[in-house]
1. Return the equivalent ellipsoid semi-axes of segment 98-209 as a descending list in whole Å, where each equals the square root of 5 times an eigenvalue of the C-alpha gyration tensor.
2. For segment 1-97, take the convex hull of the Cα atoms, compute a quarter of its surface area, and give me that in nm², please.
3. Name the residue from P7, T74, T190 whose Cα lies farthest towards the positive end of the charge dipole of the chain, charges +1 on Cβ of Lys and Arg and -1 on Cβ of Asp and Glu.
4. Using the Karplus equation 6.51 cos²θ - 1.76 cosθ + 1.60 (θ = phi - 60°), what ³J(HN,Hα) coupling, rounded to whole Hz, does each residue of segment 119-124 give in order, writing x for Gly and Pro?
5. Pull up the cross-link candidates among the lysines for K217, meaning alpha carbon to alpha carbon under 27 Å and not fewer than 8 places away within one chain.
6. Rounded to two decimals, what is Rg over Rh for segment 161-242 when you use alpha-carbon atoms and the Kirkwood radius?
7. For the chain, what is the calculated [θ] at 222 nm in deg cm²/dmol (nearest 500), taking -39500 (n - 2.57) for each run of four or more DSSP H residues and dividing by its residue count?
8. Taking 0.36 nm per residue of separation and subtracting the Cα-Cα distance, what length does fully extending A134 through L216 add?
Amino acid sequence: MALPHTPEFRLDNRRALVSGGSRGIGFAAAIALARAGAQVWIIARNAEPLGEAVKTAAAAGLQLNSVVLDITHTGQVASTLAQLPDFDILVNSAGLARHQPFLEVSEENFDAVMAVNLRATFFISQQVARRMKARQIAGSIIHISSQMGHVGGPERSVYCASKFALEGLTKTMALELGESGIRVNTLCPTFIETELSRANLADPVFGRYVLDNIKLKRLATLEDVMGPVVFLASPAAAMITGTSLMVDGGWTAT
């Protein structure tokens, strides 16, 4: 009897692009991909945090390539990507949250969140997927979604709407791109203490609400998403597309 071959988790000779890669989940994803052997480019709007991210990685012996780009400007995205190499992996980690009670949500905040979380993700994915298909690259596109793409949350009507939409986009992308060997999935973390969430988590009432719903009774860490990112990007996930990998400590189990 022949032994089955264990799929490879290494990403040597693969190129990865990470939006929102200068901090938080995006930076953690970039580091994880680089440690797995990928050549990694990180995108952010501001040059200073990009430079700090590159320096931090270099101090650990890892190389990150920086790209200053506001992904909400689709024309700039197209022209910038045209100057970059083809990519095997795209991680859409750029995100925005502006939490308000539903009855108080402004059009400005609605548009801002949707512009980053959905529209920008849609069109950068379109650009990268076109190149993947044209070059016959069996790539992996990973959208950093959220548990809030599967459940509701107080004062999160717009954020939830953007993430639920991202889940639907993922399934349709997987259907259309599957014949080209391109896999599309979401990674859905629970609350992680980052710059985006720190102020909310500091509130004792909200902090209690969060821990009461996480069955493992702790916040997630950036390290908790690093392994799943590498897994979804790697040949080990070769038959996984159009679905969500929950990293939520059991929040959505009930």
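What follows is calculated from the coordinates using simple rules that are stated; it is not laboratory data. Predicted, not measured: the structure shown is a model, and the values here were computed from it. A quick note on method: Cβ atoms are made from the backbone with ideal geometry, for glycine too, and the neighbour counts reach across all protein chains shown.
1. Details: eigenvalues 190, 44, 26 Å².
Semi-axis lengths for segment 98-209 are 31, 15, 11 Å.
2. Values: hull surface 32.3 nm².
For the Cα atoms of segment 1-97, the hull's average projected area reads 8.1 nm².
3. So the residue we want is P7.
4. For segment 119-124, the Karplus curve yields 4, 5, 4, 4, 7, 6 Hz.
5. Output for K217: K163.
6. Numbers: Rg = 15.9 Å, Rh = 14.8 Å.
Over the Cα atoms of segment 161-242, Rg/Rh equals 1.07.
7. Details: 9 runs with 103 residues, N = 254.
Taken over the chain, the calculation gives -12500 deg cm²/dmol.
8. Numbers: separation 82, 0.36 × 82 = 29.52 nm, distance 4.37 nm.
Gain on extension, A134 to L216, equals 25.1 nm.
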